[in-house]
Amino acid sequence: EAAEKAGYEHFMLKEIHEQVSAIHNTLAGKVSELEGTIYLKELNMTEDEIRKLSRVQILACGTSWHAGLLGKYLFEQLAGIHCDIDICSEYRYRNPVMNDGTLAIAITQSGETADTLAAVREVMSYNCPTLAITNVVGSTITREVDSVLYTRAGPEIGVAATKTFSTQLTLLYLLAVKFALSRGKLSPNYVKGFITDLRKVPGQIQQILNQKEIVKECAEIFAHAKSYFFLGRHLNYPIALEGALKLKEISYLHAEGFAAGELKHGPIALLEKGTPVVIIATKGQTYDKVLSNIKEVKARDATVIAIAGNKDSEIGKYADVVLTVPQSSELLSPLLNVVVLQLLAYYTALARSCSIDKPRNLAKSVTVE
Ligand code: G6P
């Protein structure tokens, strides 16, 4: 086992680092910067079928559901396709209304989650095309759906998903941009720029990893907090949810993620002096609103840990702690921000002497409904 960990103390830390190569491998052969094109040859859909799509229905559980939630923003914002997302254990029992032109996408790193398989069987009864995003070749889901896109993350041993999540996001970006191209919503020129930026992501993640000691220091300061809150907006709302889930899973700290705009509708009542509140504050269309949220949190004497771009000279005036990521486009910022949150969860669990790779009560895949 020590050899498999390649010098890392835990599989989770190794897998956080492996995101650099995992994203690179997931992109390999799928993007052409020169032509501004995305190639997804495993997708069994014609250009005409893509153009005629009227809706995407995403089905997933846990961390994969968080990836799907970002997918919803991408399909709607980039490709102009209406997108619904359901938690699989809910989907089956709510008598969903389905119409022609729907593509169902199941996201499951293991390909074995019983709730996801059951939801896929339900959606297939409506005769819509099905696509799975998974990390495990030959897993059960791959035998049931029309098309399979594989994340090239390699085996993930740590129960808390890290590199499978960021590679799921990578494929969702590619899929949404491909659909946008086919439907004339984005130009090849825009896509060239997007691919250039996407190709930079592995290197930018490496820069975050090079500064992991700063995240460790922050984690140690708050490792014995009673509760932790995570706030994000727009594309980084799913990342706030994922940050809270990672912390819960491996450090057993109470953590909640919220859309930052919802703070004032209830969660703000929970804030006490010194409560750590992680706020994702990388630059984008909601940046000013996020600054307002930071002020709301500070006014209640809670402690703000901001995740911000490394060129942001303003944020330090408002936040108590600033954890930086390399400057990127707003669109791709979730891929960087999540790495900081994974490290925060990891080092918090380490400071609390938790069983990081095999947290209590959790399994890598849940094969009962
Ligand atoms: C389990 C794992 C989670 C995972 C969820 C869905 O609960 O502990 O990390 O997100 O299952 O797994 P899947 O394989 O379907 O992505």
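The values are calculated or read from the model by the stated rules, or taken from the named source; none is laboratory data. What you see is a predicted model, and the numbers here were worked out from it, not measured in a lab. So basically every Cβ, Gly included, is an ideal-geometry build from the backbone, and we count neighbours across all protein chains shown.
Evaluate the stretch 99-108: report whether one residue or more is buried (at least 18 other Cβ atoms within 10 Å of the Cβ), on the phi > 0 side of the Ramachandran plot, in contact with a strand residue (DSSP E or B) (Cβ under 8 Å, 6 or more places away or on another chain) and at pLDDT 95 or above. Give the steps one after another, and end with the answer.
The first filter runs over the stretch 99-108 and keeps only residues buried (at least 18 other Cβ atoms within 10 Å of the Cβ), leaving 102-108.
Retained after the next criterion (residues that are on the phi > 0 side of the Ramachandran plot): none.
No; the residues of the stretch 99-108 include none that is buried (at least 18 other Cβ atoms within 10 Å of the Cβ), on the phi > 0 side of the Ramachandran plot, in contact with a strand residue (DSSP E or B) (Cβ under 8 Å, 6 or more places away or on another chain) and at pLDDT 95 or above.
For first residues located in the stretch 59-70 and touching a residue at least 40 places away in the same chain (Cβ under 8 Å), partners that are near the ligand (Cβ under 10 Å from one of its atoms) and among the basic types (Lys, Arg) and lie 6+ apart or on another chain with Cβ distances below 9 Å form the pairs 63/246. The residues of the stretch 130-156 that are of a type in the set (Lys, Arg) and either within 24 Å of residue 357 (Cβ to Cβ) or near the ligand (Cβ under 9 Å from one of its atoms) (or both) amount to a single one, 152. Across the stretch 178-194, what is the total count of residues that are free of Cβ contacts under 8 Å to residues at least 12 places away in the same chain and surrounded by 13 or more Cβ atoms within 10 Å (Cβ to Cβ)? Summing the residues that are free of Cβ contacts under 8 Å to residues at least 12 places away in the same chain and surrounded by 13 or more Cβ atoms within 10 Å (Cβ to Cβ) in the stretch 178-194 gives 1. Please verify whether residue 148 is among the β-branched types (Val, Ile, Thr), in contact (Cβ under 8 Å) with a residue 12 or more places away in the chain, surrounded by fewer than 24 Cβ atoms within 10 Å (Cβ to Cβ) and over 25 Å from residue 241 (Cα atoms), treating the condition exactly as stated. Here the answer is yes, as residue 148 does meet what is asked.
For the stretch 242-270, what are the residues that are touching a strand residue (DSSP E or B) at 6+ places or on another chain (Cβ under 6 Å) and either under 30 Å from residue 355 (Cβ atoms) or in a strand (DSSP E or B) (or both)?
If the condition is that a residue be touching a strand residue (DSSP E or B) at 6+ places or on another chain (Cβ under 6 Å) and either under 30 Å from residue 355 (Cβ atoms) or in a strand (DSSP E or B) (or both), then 243, 244, 247, 248, 253, 254, 255, 256, 257, 258, 267 are the ones that fit.
Answer yes or no: is there a residue in the stretch 350-359 that is charged (D, E, K, R), over 30 Å from residue 121 (Cβ atoms) and within 16 Å of the ligand (Cβ to nearest atom). Yes, that holds for at least one residue. Residues in the stretch 158-171 that are within 12 Å of the ligand (Cβ to nearest atom) and of a type in the set (A, V, I, L, M, F, W, C) were compared, and the one that is surrounded by the fewest Cβ atoms within 10 Å (Cβ to Cβ) is 159. Counting the residues of the stretch 212-253 that are in contact (Cβ under 8 Å) with a residue 24 or more places away in the chain, under 15 Å from residue 160 (Cα atoms) and of a type outside the set (D, E, K, R) gives 9.
Kindly indicate the residue of the stretch 82-115 that is among the hydrophobic types (A, V, I, L, M, F, W, C) and under 15 Å from residue 133 (Cα atoms) and also farthest from the chain's Cα centre (by Cα) among those meeting that condition. Here the answer is 103. Of the residues making up the stretch 77-129, those that are within 16 Å of the ligand (Cβ to nearest atom), assigned to a helix (DSSP H, G or I) and either among the small types (Gly, Ala, Ser) or in contact (Cβ under 8 Å) with a residue 60 or more places away in the chain (or both) are 89, 114, 115, 118, 119, 120, 123. I'm checking my understanding of the structure. Among residues of the stretch 65-98 that are surrounded by fewer than 18 Cβ atoms within 10 Å (Cβ to Cβ) and hydroxyl-bearing (Ser, Thr, Tyr), which one is modelled with the lowest pLDDT? Residue satisfying both the conditions and the ranking: 93.
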